[in-house]
Amino acid sequence: MRRAVGAIIASLVLLAAGIGAYSLWPARLPPMDAPAAQLVKFVTTDQFADLPDEKKMAYVQTLLDKGLPALVLAAEEAKLTEAQRQRGIDNATQAGINVRMGKHLDAWLALDAKGKQAYVKKLVAENPSRPVGPGNRPGQAGRRMTPDQVKRFIENTSPQRRAAMAEFMAAMRKERDAAAGRR
């Protein structure tokens, strides 16, 4: 009888440990080759928002490679609410900006004052400024971030990163102004 009770208790402990491990196990990330609707839905989640920037951008790039029409169809197929759509746009925008500008910011932060100045000069020479205003490039009209999106972007960026980005962008603006004066 004692053996039977011991076996039942051991089985219950083992079952409880298995349930506990399953509930605490980190959720799996969808594979990069998952259907677009699954990836679009994933981008709207907190799990996506908590990923490192490199992983976020890999998902965003995979979606961008599918093309805008495919993304629109995938969003429809995923049956996203308006809040989920907005969250997905915010998450993808955050990842895109952090990766696109983040690599330059990180490189710039690693330099001394003289190196920073030379790096900014090189970036400005490689990326001349475009005229300000909507519709200067094909498909650009209406694609600027709204004030609410800018606010959420700022709120989702660490204070140290925001300060460094502001300093970097000020150095870029100063160099662009100087380059415009040299023309």
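Read-outs throughout are calculated quantities, based only on the coordinates presented, and are distinct from any laboratory measurement. Given the structure is predicted, the values throughout are model-derived calculations rather than measurements. Don't worry about glycine lacking a Cβ; one is built from the backbone with ideal geometry, like all the others, and counts go over all protein chains shown.
Please compute the net charge surrounding Ala110, taking Lys and Arg as +1 and Asp and Glu as -1 over other residues with Cβ under 15 Å from its Cβ.
+2
Past the 25 Å Cα-Cα mark, which pairs from Lys66/Lys122; Lys56/Lys79; Lys114/Lys174; Lys56/Lys122; Lys122/Lys174?
Working: Lys66/Lys122 32 Å; Lys56/Lys79 22 Å; Lys114/Lys174 15 Å; Lys56/Lys122 28 Å; Lys122/Lys174 13 Å.
As for pairs spanning more than 25 Å Cα to Cα, those are Lys66/Lys122; Lys56/Lys122.
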